[in-house]
Amino acid sequence: MSTTVADRMVEALAASGVRRVHGLPGDSLNGFTDALRRNGTVGWTHVRHEETAAFAAAGEASLTGHLAVAAGSCGPGNLHLINGLYEAQRSRVPVLAIAAHIPSEEIGSEYFQETHPQDVFRECSVYCELASTPEQVPRLLHIAMRMAVERGGVSVLVVPGDMLLAALGDAGAFARPVLRTASHVTPDGDALAEAAGVLNDADRVTILGGAGCLGAHAEVMALADALRSPVVHSLRGKEHLEYDNPYDVGLTGLIGYSSGYRAMEHCDALLMLGTDFPYRPFYPPPDVPVVQVDIRGEHIGRRTGVTVPLVGTVKDTAAALLPLLRPKTDGAFAEKLTKHYRRVRSHLDRLGEARPTDAPMHPQHVAAAVDRLAADDTVFTADVGTPTVWAARYLTMNGRRRLIGSFNHGSMANALPQAIGAQSAAGRRRQVVAFCGDGGLSMLLGDLITLRHLRLPVKVVVFNNGTLSFVELEMKAGGIVNYGTDLDDLDFAAVARSAGIFGVRVDRAGQLDDALREALVLDGPAVVDARTASQELSLPPNLTYDQVKGFSLFATRTVLSGQGDELLELAKTNLHELPLLR
């Protein structure tokens, strides 16, 4: 049998370190999946929805930093990839999408299932091209992989189904492996001196660090020590900066802490390290000078005015900047804020406690219990909404644990498929736990079957509160009576058992630890359905006048609409939050 275009593609993927492709088969993709079968070195992760395939690839790439691959058949098949591809693009992780297309001779005729993938995926990719001849494919694939790994984003290669089956000789120069290069990038001396001048002249410097601090923990700590600076981290910076950090004051932003908010509010200089933190109301006043470090110069100054832009990696730039700083001797600012953080942390820890009879449970208790019982190198994924809030506030990072979510794109239903990708990459050597909301899990519920089918030992913890609770919180803050957010009382543990997966339902706090222990040691997938309070509030670190006004309007309108019992339940559920408002 002659070697096909698809065979050459699989050979190139294997040579570049790709070990699996996430996808769903279809007729236009048959040439590619058959090439995978014949090659035998690249696996096929068969999911139940192409959106899951793309999210799984994003989860794998987030965990490993290496190229991950998703594939979809023509028309609706590859269109389903788009949400997960947006996630990978926004998180800047290297993902290749192989989008099979209708027969090449039919393109442009409004053929069955015809779309234009090269146009559809343009916005969520760093590279997106349609192959026009078989001979083009090896070169385009090489370019696509190189773009994905170097720029950190999504590449989409569109190949007509008939072209995948076409015969093709030696791929030549384009058969060489595509692996990410490593570079040291630092700003020039004048820019570094200017930045040092700003920081040396300030008395109260705050550091805000993000995902770009990956691999730079020691360098950031050295800066914080020299500047006597409190360290605020974004959500994506949590896993890189939270641990072994005497200057940690937690998160800021909508799900952050008052200590992080105050550190930003009262500084007289801000040093931003590898973050594009999007929420402008949480930045210091406009007259506060800002030094921003980012490997992508085009990202500098998008959120707040920047006094000194520094283009470089955080690790290299921090090391080059440190010798230019005059070590500060007055640590009062950092001491005040870290003391504030300890008070906030103590209160949050108390909220995570429970009596054995508590039913339904507070979600804080569920998150704290998972944190306490999970392994030291667990990979956590978290659904958008309140599961992300509880993960951010209660999962303890230590330099070995990882936290993956849809933190920039903000898509529902991300936790389960990202866990599939992470577990596929980690094999059975590492624990993977998905924090799922009942709404998020319902959206891609069919991929529980993928866990059983592939025997992936993902542990799914469901924060089951019978509602889209984060949406309800947004409604409350806007003065809107909750409507259309309730969910049916579904027993996810029973659903799991019906699919051949271990499932346990936890109604009371006293049952939780035993259920989690049993699930975590199981050599297979497991679902722990934790029944949590539906009216739990996740309060922001600084309540604005508009938010307070909105809550007041919500309360008035709720009573007038005859739903006063809901307001009473809200108050009863959140009485324990009152100390956090101080």
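The values are calculated or read from the model by the stated rules, or taken from the named source; none is laboratory data. Please read all numbers here as calculations on a predicted model, not as lab measurements. Heads up, the Cβs are rebuilt from the backbone with ideal geometry, glycines too, and the neighbour counts pull from every protein chain shown.
Kindly provide the set of residues from the range 86-111 that are out of contact with any strand residue (DSSP E or B) (no Cβ under 9 Å at 6 or more places or on another chain) and without any contact (Cβ under 8 Å) to a residue 12 or more places away in the chain, ordered by number.
Matches in the range 86-111: G108, S109, E110, Y111.
Go through (1) polar (S, T, N, Q); (2) in a helix (DSSP H, G or I); (3) within 29 Å of the chain's Cα centre (by Cα) one by one and return the number of the condition S28 breaks.
Every listed condition holds for S28 apart from (3).
Kindly indicate which of R8, R20, R38, R48 is surrounded by fewer than 24 Cβ atoms within 10 Å (Cβ to Cβ) and closer than 22 Å to A382 by Cα.
R48
Yes/no matrix, rows are residues, columns are (1) within 26 Å of P246 (Cα to Cα); (2) crowded, with 17+ Cβ neighbours inside 10 Å; (3) in contact with a helix residue (DSSP H, G or I) (Cβ under 9 Å, 6 or more places away or on another chain):
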position	(1), (2), (3)
Y261	yes, yes, yes
F277	yes, yes, no
R280	no, no, no
V290	yes, yes, yes
G305	no, no, no
G312	yes, yes, yes
K328	yes, yes, yes
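Yes/no per residue for (1) part of a loop (DSSP other than H, G, I, E, B); (2) surrounded by fewer than 20 Cβ atoms within 10 Å (Cβ to Cβ); (3) modelled with pLDDT of 95 or more:
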site	(1), (2), (3)
G301	yes, yes, yes
T317	no, no, yes
L322	no, yes, yes
F333	no, no, yes
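For the range 6-30, give me each residue that is under 16 Å from A171 (Cβ atoms) and in contact with a strand residue (DSSP E or B) (Cβ under 7 Å, 6 or more places away or on another chain).
Selection gives L13, V18.
Collect the residues in the range 47-70 that are outside any helix (DSSP H, G or I) and over 15 Å from L416 (Cβ atoms), keeping them in residue-number order.
Listed by number, the residues that qualify are G65, H66, L67, A68, V69, A70.
Can you find a residue that is within 30 Å of G152 (Cβ to Cβ) and surrounded by 19 or more Cβ atoms within 10 Å (Cβ to Cβ) anywhere in the range 358-366?
No; the residues of the range 358-366 include none that is within 30 Å of G152 (Cβ to Cβ) and surrounded by 19 or more Cβ atoms within 10 Å (Cβ to Cβ).
Just a yes or no: is a residue in the range 227-238 farther than 22 Å from S62 by Cα and either assigned to a helix (DSSP H, G or I) or not assigned by TED's automatic domain parsing to the domain that holds T317 (or both)?
Within the range 227-238, one or more residues are farther than 22 Å from S62 by Cα and either assigned to a helix (DSSP H, G or I) or not assigned by TED's automatic domain parsing to the domain that holds T317 (or both).
Considering only residues that are of a type outside the set (K, R), touching a residue at least 12 places away in the same chain (Cβ under 8 Å), assigned by TED's automatic domain parsing to the domain that holds L273 and more than 23 Å from M221 (Cβ to Cβ), which ones fall in the range 296-347?
Passing the criteria: G297, H299, T304, G305, V306, T307, P309.
Check off (1) part of a loop (DSSP other than H, G, I, E, B); (2) crowded, with 23+ Cβ neighbours inside 10 Å; (3) not acidic (D, E) for Y243 and give me the number that stays unchecked.
Y243 satisfies all of (1) part of a loop (DSSP other than H, G, I, E, B); (2) crowded, with 23+ Cβ neighbours inside 10 Å; (3) not acidic (D, E) except (2).
Could you identify the single residue in A144, A171 that is crowded, with 17+ Cβ neighbours inside 10 Å and in contact with a Phe, Trp or Tyr (Cβ under 9 Å, 6 or more places away or on another chain)?
Checking each option against the conditions leaves just A144.
Quick grid of which residues meet (1) more than 23 Å from T275 (Cα to Cα); (2) without any contact (Cβ under 8 Å) to a residue 60 or more places away in the chain; (3) touching a Pro at 6+ places or on another chain (Cβ under 7 Å):
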site: A354; (1), (2), (3): yes, no, no
site: P363; (1), (2), (3): yes, no, no
site: A367; (1), (2), (3): yes, no, no
site: W390; (1), (2), (3): no, no, yes
site: G399; (1), (2), (3): no, no, no
site: I420; (1), (2), (3): yes, no, no
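Yes or no: the range 493-511 includes at least one residue that is surrounded by fewer than 21 Cβ atoms within 10 Å (Cβ to Cβ), at pLDDT below 90, of a type outside the set (A, V, I, L, M) and assigned to a strand (DSSP E or B).
No, every residue in the range 493-511 fails to be surrounded by fewer than 21 Cβ atoms within 10 Å (Cβ to Cβ), at pLDDT below 90, of a type outside the set (A, V, I, L, M) and assigned to a strand (DSSP E or B).
Could you tell me which numbered condition T45 fails, if it satisfies all but one of (1) hydroxyl-bearing (S, T, Y); (2) touching an Asp or Glu at 6+ places or on another chain (Cβ under 8 Å); (3) under 15 Å from T450 (Cα atoms)?
Against the list (1) hydroxyl-bearing (S, T, Y); (2) touching an Asp or Glu at 6+ places or on another chain (Cβ under 8 Å); (3) under 15 Å from T450 (Cα atoms), T45 comes up short only on (2).
Considering each residue of the range 369-382, count those that are assigned to a helix (DSSP H, G or I), free of Cβ contacts under 8 Å to residues at least 60 places away in the same chain and in contact with a Leu (Cβ under 7 Å, 6 or more places away or on another chain), and give that number.
Looking only at that region, the number is 1.
Mind checking which residues of the range 277-307 are charged (D, E, K, R) and within 21 Å of C213 (Cα to Cα)?
Once the filter is applied, which keeps residues that are charged (D, E, K, R) and within 21 Å of C213 (Cα to Cα), the range 277-307 yields R280, D294, R296, E298, R302, R303.
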